[in-house]
Amino acid sequence: MTLQAPKMILIDLDGTLVDSVPDLAFSVDRMMERLDMPVRGEAKVRNWVGNGVERLVKRALTNNLDGEPEPALYERALAAFTEIYRENNAKRSHLYPGVREGLEALARDDVRIGCVTNKPARFTAPLLRAMDIDRYFEVVVAGDTLPQKKPDPAPLLFAAEQFDVAPEDALMVGDSRSDVTAARAAGFAIVCVSYGYNHGGDIREQRPDAVIDSLTELPDLMARTA
């Protein structure tokens with residue numbers, strides 16, 4: 001694995017490209033109100049995101065990172081969340097500083113870019129369009145493209161197959177331990193952003209190959225390791 005001139009870069013969505021927590025928290029709290037349960041607030045939701053909508057809903061219902069709610073309640077909650085978030089997945093979300101500039105720099109360098117996210121496709125495509133960054137990605141692998149999600153390596157390997165790129169020539173860019181775990185299992189190099197979610201933990205503890213404060217640093221980082 002090397003950061004030197006990767007033939008393909010895959011980038012995570014929530015917490016890496018887009019701060020989507022404001023919309024997720026809004027939708028979670030409206031869901032909880034419909035269920036006559038206590039709202040959870042943005043601070044808690046910020047620590048719960050990153051493992052897909054289904055896990056987020058379970059965490060909200062149980063107020064626990066690994067909680068498992070009663071199945072009938074979960075089904076009602078997931079239906080409510082899906083309805084609410086469909087109408088709110090790009091109303092309060094915003095790009096992190098440097099994202100657009102970083103993507104532009106990679107595009108100028110003719111780097112092939114894909115997006116790999118645990119967010120379902122029905123929410124991913126509209127969010128990428130709303131943020132006006134969908135044109136940068138040749139491949140988008142959403143949370144329901146395959147049976148597996150990150151931290152399983154399957155989504156990364158699937159994207160590599162679409163690009164016809166070997167894992168040792170690929171780089172993953174993310175913000176969480178799920179991204180690090182998936183990249184290591186897939187045989188990718190892994191760079192993490194210092195911001196993002198990661199369940200409130202410091203991403204450096206996961207020992208990625210490098211940590212950057214902005215996507216604008218990525219081209220220079222790759223040039224320095226060449």
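The values are calculated or read from the model by the stated rules, or taken from the named source; none is laboratory data. The shown structure was predicted, so the numbers you read here are calculated from the model rather than taken from an experiment. Using ideal geometry, Cβ is built from the backbone for each residue, glycine included, and neighbour counts are taken over all protein chains shown. These area figures cover heavy atoms from the full protein model, side chains too; ligands, DNA and RNA do not enter into them. Shrake-Rupley method; radii C 1.70, N 1.55, O 1.52, S 1.80 Å.
Structure notes:
- Of the numbered criteria (1) in contact with a strand residue (DSSP E or B) (Cβ under 9 Å, 6 or more places away or on another chain); (2) farther than 20 Å from Ala125 by Cα, the one Pro151 fails is (1).
- The C-beta contact set for region 93-120 (first residue under 25 Å from Leu146 (Cβ atoms), second residue polar (S, T, N, Q) and at pLDDT 95 or above, distance under 6 angstrom, 6+ apart or interchain) comprises Ser93/Ser20; Thr117/Thr124.
- In region 12-39, the residues that are more than 30 Å from Glu138 (Cβ to Cβ) reach residues that are aromatic (Phe, Trp, Tyr) and open to solvent by less than 10 Å² (accessible area, probe 1.4 Å) with C-beta atoms within less than 7 angstrom, at least six apart or across chains, in these pairs: Val28/Phe81; Met31/Phe81.
- Taking the numbered list (1) surrounded by fewer than 19 Cβ atoms within 10 Å (Cβ to Cβ); (2) under 13 Å from the mean Cα position of the chain (by Cα); (3) more than 18 Å from Asp19 (Cβ to Cβ) in turn, Pro151 passes all entries but (1).
- Residues that are closer than 21 Å to Ala170 by Cα, under 16 Å from the mean Cα position of the chain (by Cα) and open to solvent by 20 Å² or more (accessible area, probe 1.4 Å), drawn from region 192-207: Ser194
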